[in-house]
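Here the structure is laid out as structure tokens; the discussion comes afterwards.
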Amino acid sequence: MRVLIVGAYGYFGQALMRRLLSLGHTVRAVGRAGVGAAWPPGVEASIREASEIRVSEIAGVNAVVCLAGGGIRVGGEWDPIQAIRDNIVAPMRVGIAARAAGGPRMILASSAYVYGLATTPHREGGSRRPDTLYGSLKVVAEAAWRASGGMAIRFANLYGLSVSDVGRDGV
């Protein structure tokens, strides 16, 4: 299977790339250069903003996994413009390009923050009541992604070992 990972330089993107490659899949990657991260051997990589995706990068892939998100902290504060670019603009452009490229399977990494911080436990069919900028951005991103034919997976928390932790990694 040929998979495009958008937002591939992040923690989860790096782990997903290594796992897909170990299973014999072909990986294309788009993302911003991260601190100390490197593309695993065999990855077709493009280093740039996820919002600058090209239809040609999606053509011929079986699946698109969009991990673009978060928000860039500037001096300890959220940069709302970058957060909108990462969480809404990038998934919208990727979704539009994926439809134009023939419609591969599309998976968006979203967040349990769409339910709000005070709502636990979270239930898939529960009301979305985001009470943070990040949660609100993910609600909008999910709607845009679904309009392009994709599905969203809401993660509560991602953590695990990094490559520097005793030579192992996992999410």
Worksheet item: Sorting Ile5, Ile153 by accessible area (1.4 Å probe), largest first, what list results?
Response: Ile153, Ile5
Practice prompt. Using a 1.4 angstrom probe on the protein heavy atoms only, line up Trp78, Trp145 by accessible area, largest first.
Written response: Trp78, Trp145
Discussion item. Using the Cα centre of region 93-132 as the reference point, and only Cβ charges (+1 on K/R, -1 on D/E), how large is the resulting charge dipole? Debye, rounded to the nearest 20.
Written reply: 160 debye
Fill in: Solvent-accessible surface ranking, highest first, for Tyr115, Tyr134 at 1.4 angstrom
Tyr134, Tyr115
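The values are calculated or read from the model by the stated rules, or taken from the named source; none is laboratory data. Not measured: the values here are computed from a predicted model. Don't worry about glycine lacking a Cβ; one is built from the backbone with ideal geometry, like all the others, and counts go over all protein chains shown. Areas reflect the complete protein model, heavy atoms only, side chains present, ligands, DNA and RNA absent. Shrake-Rupley method; radii C 1.70, N 1.55, O 1.52, S 1.80 Å.
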